[in-house]
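Only one structure is covered here, and it is reproduced in the block below.
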Amino acid sequence: MCKNITFKIYFFVIFLCLGKTCLAASTDIEYPSQDWSFSGIFGTFDKASAQRGFQVYREVCSGCHGMKLLSYRHLSGLGYNNEELKALSAQFEITDGPNDDGESFVRPGRPSDTFVSPYPNEQAARAANGGAYPPDLSLIVKARADGANYLHALLSGYKEAPKDFNVPEGMYYNTYYPGKLIGMPQPIYEDGVEYADGTKASELQMSKDVTTFLAWASEPEMENRKRLGVTVISFLIVFSILAYFSMKQIWAPIKKKV
Amino acid sequence: MSKNKSKNSVVEWIDYRLPIFTFLNHELNEYPTPKNLNYFWNFGSLAGITLVVMIITGIVLSMNYTAHVDYAFDSVERIMRDVNHGWLLRYIHMNGASFFFIVVYIHIFRGLYYGSYKAPREILWILGVLILLLMMATAFMGYVLPWGQMSFWGATVITNLFSAVPLVGESIVTWLWGGFSVDNPTLNRFFSLHYLLPFLIVGLVILHLVALHRFGSNNPIGIDAKGKQDTIPFHPYYTIKDLFGLSVFATIFAAAVFFFPNFMGHPDNYIPANAMQTPAHIVPEWYFLPFYAILRAIPDKLGGVLFMFGAIAVLFILPWLDKSPIRSSQFRPIYKLFFWILVFDCILLGYLGAKPAEGIYVLLSRVATGYYFFHFIILLPLLPNIEKTRPLPISISEPILSSSSFSTAAAVREKK
Amino acid sequence: MAKKENKNRRDFLVISTYAFGAVGAGSFVWPLIDQMNPAADTLALASTEVDLEPLEEGQAITVKWRGKPVFIRHRTKEEIMSAKKENLDNLKDPQKDEDRVLNEKYIVLVGVCTHLGCVPLGQKTGDVKGEYGGWFCPCHGSHYDHSGRIRKGPAPVNLEVPNYKFLSDKLIRIG
């Protein structure tokens, strides 16, 4: 009987893996795997890294990329307290309105405001970026296969193009972008930001930090999810064992007869 | 329980007027069930429970969802980020769809292996195929609701299938869309139907159970219970067995929900729908892949659609295609072999459905599609004429027959 | 004897299995209920700022806060006097006027009758203000005075004073 269950689980796993290979097979480029704080069943976000990553987003990425699914209050998940969030959000200018005269006005941000978008709409964003649309980053890690490794690879994938490779005006050569031509100029340079906590802002560090931040932004529920998962699964395993032995007990007289 | 019942006068009073307790006692407690069911018989109850979980989580999700092209994507993300336990409910619902199909597919293959569709269970089987059809429609429309790229393009491609219908195809598609492309009216009606269909499924499940209880469960040996010695009451034997099955299933399900919630999903569906740009590789959800492969295997548009629907239609007439009077594969060595080939064939079709329609994959898809229909339409009707079946046991309680002589299916029929 | 013990152990095992199942099913119910509680974005809903500059003595404005009306009245001297001098013994829900205002000129109230949630009249010039000159709820006839205290009718307590503060002399933030 035990064998039967093992077989079932085995069958299931094979089934899933097969399915996944089929789906994953659509990407041709392999991204180097990084050692992320948030990977694995017990993984959590490195809060300090994610906070630095937020700084990188703010000072570098947010010029072109919005994150419209996030509000400043969500940053409490990175360990900011209420006062810090109020102060932080107040640094942003929010266009609100209409007021009693029917007009829009600008006011300092509040924690309940969503992240300020760099452009009012997609057309404006395209116009300002030579036709390319800088995607919203709220879900970027979930919206790309192997998202975290992809982002990290992409950010550090800017190389000198081979001599025979024609790079048109306004495009940049990136080994990890499909087609190797990307509309985004290299965003991260050494000491591009001055980290508040004194960490050396190397390219690698910045890219890791901002990826950690974006991974958090994609799945802010992840830590709760995994924590609850450990509890629920422990409970279910105990329950399965109890149910198994209860079943054995109840069935004992029937099995004996056979 | 039936004896305890009379002690409670309130229960007795109600039962006299509305015999609900007698009914439940009869159908869930005393209900005589073959005593030799194996774990594959767990999947029926698992499917029922999964359906209930899907309906419950679906109802609460709909309390927080907005069916409008401008708000649908964001409202789902609000569920994920701001609604209390929203991420949990949504991941249960999202993965629940996949697990529902896993359970139901195993349930179907169990039926195929043990010949559960054969007389007198033909209507039971047909109701099951109808449930499968409704499940597919429900799952397809549910996948559209988050309004991501895969939602949008999945909806576009699948609704376009109907344009293959001669003469009125285009009109049907326009009617389905409520416009000239998949847009807000489409999303609204899909939401409405996605909410409605599960309740129709519940209705069919009830009929499925009524039909099941008419003759009781089939069993691994495939011969009818010949008396009390072959059956045991459903409770407590199968309640506890189903509970154990449920606990194992729930553990695996929970592992997916809590640790790999997007494993069976597609990253592109976290990109909001964009009518101006199709993702590089669009694939349906994994549970549609075998059918998708059949669709693409046929070089003709109408033909592809017909074969795809035919793959399910053939299941409706399966009870009459399979002429063998022997139910269980245990006694049909050749059928057993072909059964496993069919399983492999379906998995292969699933694999091919995820591959681009080019090169060797197209050829393989055609071969696999060919086998699928060959299996049902040619093999099953002819097999009894050539297959030497193994001798059937006398009864469930005496499964081992001393004689090891082989007899043909025809001979068995004669004996009957 | 040994047999009986064995049976007890079996019952215990089966009962604990069912109990575990019940606990499991029970805890699954909580997320289903909790999702109907206010979500994080609702709880964080923006506070409302109101400029009192244009509000002249005797005038009132109604602003929306958390989906409900908030009454702000710039009270006249007489209204303030009448609210202040009221003997607390006459009140159903005794509260001093001083405890209900930050600046006695302005009374800020949640405009929802404490009886069954209707919006009382009394904000507009022509409205019926009730026997005590403050607000009057037309649904079931509750009368409120110049301090928004319940004086007559079925409402059990005074109109609620929302959490607010003066950012400057003429600017308040509610919430």
**Q.** Among (1) more than 26 Å from B:ILE79 (Cβ to Cβ); (2) touching a Gly at 6+ places or on another chain (Cβ under 8 Å); (3) at pLDDT 90 or above, the one test that A:GLY131 misses
**A.** (3)
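Quick one: is B:ASP183 acidic (Asp, Glu) and more than 11 Å from chain A (Cβ to nearest Cβ)? Give the steps one after another, and end with the answer.
Numbers: acidic (Asp, Glu): yes; more than 11 Å from chain A (Cβ to nearest Cβ): yes.
In short, yes.
Could you name every one of the helices (runs of 4 or more DSSP H) located completely within region A:1-96 that has at least 2 residues being of a type outside the set (A, V, I, L, M, F, W, C), over 22 Å from C:LEU43 (Cα atoms) and at pLDDT 90 or above? Quick ask: steps written out before the conclusion?
Working: elements: A:2-24, A:47-59, A:82-90.
Of the helices (runs of 4 or more DSSP H) lying wholly inside region A:1-96, those with at least 2 residues that are of a type outside the set (A, V, I, L, M, F, W, C), over 22 Å from C:LEU43 (Cα atoms) and at pLDDT 90 or above span A:47-59.
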Q) Restricting to helices (runs of 4 or more DSSP H) lying wholly in region B:1-81: which have 2 or more residues that are within 14 Å of chain A (Cβ to nearest Cβ) and touching a Lys or Arg at 6+ places or on another chain (Cβ under 8 Å)? A) B:72-81
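Residues to consider are A:ALA48, A:ALA124; find the one that is away from every other protein chain (no Cβ under 14 Å), of a type in the set (A, V, I, L, M, F, W, C) and closer than 23 Å to A:VAL210 by Cβ. Before you say what the answer is, go through the steps one by one.
Values: A:ALA124 fails: closer than 23 Å to A:VAL210 by Cβ.
Going through A:ALA48, A:ALA124 in turn, just one is away from every other protein chain (no Cβ under 14 Å), of a type in the set (A, V, I, L, M, F, W, C) and closer than 23 Å to A:VAL210 by Cβ: A:ALA48.
Hey, among A:MET247, A:MET206, A:MET222, which residue is buried (at least 18 other Cβ atoms within 10 Å of the Cβ), facing chain B (nearest Cβ under 10 Å) and more than 25 Å from A:ILE41 (Cβ to Cβ)? Break it down into steps so the answer makes sense when it comes.
Working: A:MET206 fails: facing chain B (nearest Cβ under 10 Å); A:MET222 fails: more than 25 Å from A:ILE41 (Cβ to Cβ).
Exactly one of A:MET247, A:MET206, A:MET222 is buried (at least 18 other Cβ atoms within 10 Å of the Cβ), facing chain B (nearest Cβ under 10 Å) and more than 25 Å from A:ILE41 (Cβ to Cβ), namely A:MET247.
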Q) Counting just the residues of region A:94-104 that are more than 11 Å from chain C (Cβ to nearest Cβ) and touching a strand residue (DSSP E or B) at 6+ places or on another chain (Cβ under 8 Å), which one comes out surrounded by the fewest Cβ atoms within 10 Å (Cβ to Cβ)? A) A:SER104
Q. Given the residues A:GLY183, A:GLY198, which is the only one that is over 20 Å from A:ILE29 (Cβ atoms), more than 9 Å from chain B (Cβ to nearest Cβ), surrounded by fewer than 18 Cβ atoms within 10 Å (Cβ to Cβ) and out of contact with any Ser or Thr (no Cβ under 9 Å at 6 or more places or on another chain)?
A. A:GLY198
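Only one residue in C:PHE136, C:PHE166 is assigned by TED's automatic domain parsing to the domain that holds C:LEU45, at pLDDT 90 or above, in a strand (DSSP E or B) and surrounded by fewer than 16 Cβ atoms within 10 Å (Cβ to Cβ). Which one? If you could, list the steps in order and put the result at the bottom.
On the way: C:PHE136 fails: surrounded by fewer than 16 Cβ atoms within 10 Å (Cβ to Cβ).
Only one candidate qualifies: C:PHE166.
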(Q) Only one of C:ASN163, C:ASN103 is in contact (Cβ under 8 Å) with a residue 60 or more places away in the chain and either under 30 Å from A:ARG110 (Cβ atoms) or not charged (D, E, K, R) (or both). Can you tell me which? (A) C:ASN103
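Can you find a residue in region A:192-204 that is within 28 Å of B:ASN262 (Cα to Cα) and in contact (Cβ under 8 Å) with a residue 12 or more places away in the chain? Lay out the reasoning, then the answer.
Kept after step one, since they are within 28 Å of B:ASN262 (Cα to Cα), are these residues of region A:192-204: A:204.
Keeping just the survivors that are in contact (Cβ under 8 Å) with a residue 12 or more places away in the chain gives A:204.
Checking region A:192-204: at least one residue is within 28 Å of B:ASN262 (Cα to Cα) and in contact (Cβ under 8 Å) with a residue 12 or more places away in the chain.
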Q: Determine which single condition B:TYR143 fails, assuming it passes every other condition in (1) within 19 Å of B:THR278 (Cα to Cα); (2) surrounded by fewer than 20 Cβ atoms within 10 Å (Cβ to Cβ).
A: (2)
Q. Any idea which of B:ILE294, B:ILE312 is within 20 Å of B:ILE108 (Cβ to Cβ), away from chain A (no Cβ under 14 Å), buried (at least 21 other Cβ atoms within 10 Å of the Cβ) and within 19 Å of the chain's Cα centre (by Cα)?
A. B:ILE294
Q) Say we look at region C:96-125 and pick out the residues that are hydrophobic (A, V, I, L, M, F, W, C) and more than 17 Å from C:PHE136 (Cβ to Cβ); which of these is surrounded by the most Cβ atoms within 10 Å (Cβ to Cβ)? A) C:VAL108
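The values are calculated or read from the model by the stated rules, or taken from the named source; none is laboratory data. Everything numeric here is computed off the predicted structure, so don't read it as measured data. Here Cβ is always computed from backbone atoms with ideal geometry, including for glycine, and neighbour counts include all displayed protein chains.
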